[in-house]
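Below is one structure; the comments refer to it alone.
Taken together, the values in this text are just the output of simple stated rules run on the coordinates, not laboratory data. Note that the coordinates shown come from a computational prediction; the quantities given were computed from them, not determined experimentally. Ideal geometry is used to build each Cβ from the backbone, glycine not excepted, and the neighbour counts take in all protein chains shown.
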Amino acid sequence: MSDQGLTVFNGRYELLRRIARGGMADVYLARDASLDRQVAVKVLFPEFANDPSFVERFRREAKAAANLNHPNIVGIYDWGQEQGTYYIVMEYVVGRSMADVLRSTGPLSPDRAAEIASDVAEALSSAHSAGLVHRDIKLGNIIVSDDGQVKVADFGIATALAQRAGDNLTHIGSVMGTATYFSPEQARGKALDGRSDLYSLGVVLYEMIVGKPPFTADTSTAVAVKHVQERPLPPSMLGVTVAQSLEAIILKLLAKNPANRYPRADDLRADLLRYLDGAHRIPDRVVQPSPTTERPVTRARPPRTGSHPRTQSRTGPVRVPTASQPAVGTAGGSSFQPPVTPPLPPGGG
């Protein structure tokens, strides 16, 4: 039974049990009686259902997301309202989020992390081509099914939520959690395009390899300031064994200036596949950790879940940043205020 007391939506979707609770909705495992299959039903909290402007944006974004048909995107089947309660019916994926995976197993091998990031990039490419920016790429929204399929969840929903707040980060921060995966422009409340999602994917890739995000602090505001002002330590400086070519990909994703990131998700995926295929792989280099640096993490490489076609990048392989090149966090806190920070120097990352 949902918190609103409903057990069946549209005479078709029978709620079985709650499987997740987020900042804007509960998610239930349900049975689609018409097709005799299991689905996931996301039931919006009343505070959103009672906002007509949000409901309209939610309807529009859910419709747009439902038109996305990609194996790396959690499919949206239906949406509607029942007695003033709004819901969305999605593909039920048997698996775990990457947040759960990292909590239970620790960091991944660089190759496995690159494989997952490549699949996420393919999903983003499909969404961006359709004019959708996710806005909330994070470990919790990346699901790996029991058969190894990588899927990105919540397309369209995060966009509707952000538009409801007018990109007011006080609201977004309190609803979505922390600023761990915010791009610098997102932290500043600026207009976003697909390159913001790529920055967030860079944070995810960094965290999958290192075991923690590039920026952490005691509050969401402090994390957001770091996204805007500070440059992350390269994974190799934390004692992690990672090829220079993959490290360069990560640092390019985490560039402060969107113009210095990959222009498209396809370009990122091409470089990741090139790295995985070994065409431009550079011998791994590890910076010897100092007494105050984290010790190297030794991990076995899990088997790959599938083969990837070779793809040629339109931008060419990334270069390893030098000392003269600008290279380019889970935090708590529920009340998030946009940081007031000086502008970055021209071309700064």
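The coefficient of translational diffusion for region 14-91, derived via Stokes-Einstein from the alpha carbon Kirkwood radius under 10 °C and 1.306 mPa s, stands at 122 µm²/s.
In this structure the amide hydrogen of D78, modeled in the peptide plane, comes within under 5 Å of the amide hydrogens of V89, none closer than 5 places in sequence on its chain.
Counting pairs of alpha carbon atoms under 8 Å apart in space and at least six apart in sequence, what relative contact order in percent does region 1-106 give?
Once divided by the residue count of region 1-106, the mean separation gives 20 percent.
Using equal-weight Cα scatterers in the Debye expression, the normalised intensity of region 1-140 in log10 at q = 0.20 Å⁻¹ is -1.32.
In a shell of Cβ-Cβ distance under 12 Å around K42, excluding K42 itself, what net charge do Lys and Arg (+1) and Asp and Glu (-1) give?
Numbers: positive: R18, R21; negative: D26, D78, E91, D154.
Taking every Cβ under 12 Å from that of K42, the sum is -2.
Could you calculate the contour length gain from N257 to D147, that is, 0.36 nm times the residue separation minus the distance between their Cα atoms, to one decimal place in nm? My answer for the length gained is 35.9 nm. Multiplying the residue separation of K63 and S34 by 0.36 nm and removing their Cα-Cα distance gives an extension gain of 8.4 nm.
Between their Cα atoms, which of K151/K252; K138/K226; K151/K256; K151/K226; K190/K212 are more than 19 Å away from each other?
K151/K252; K151/K256; K151/K226; K190/K212
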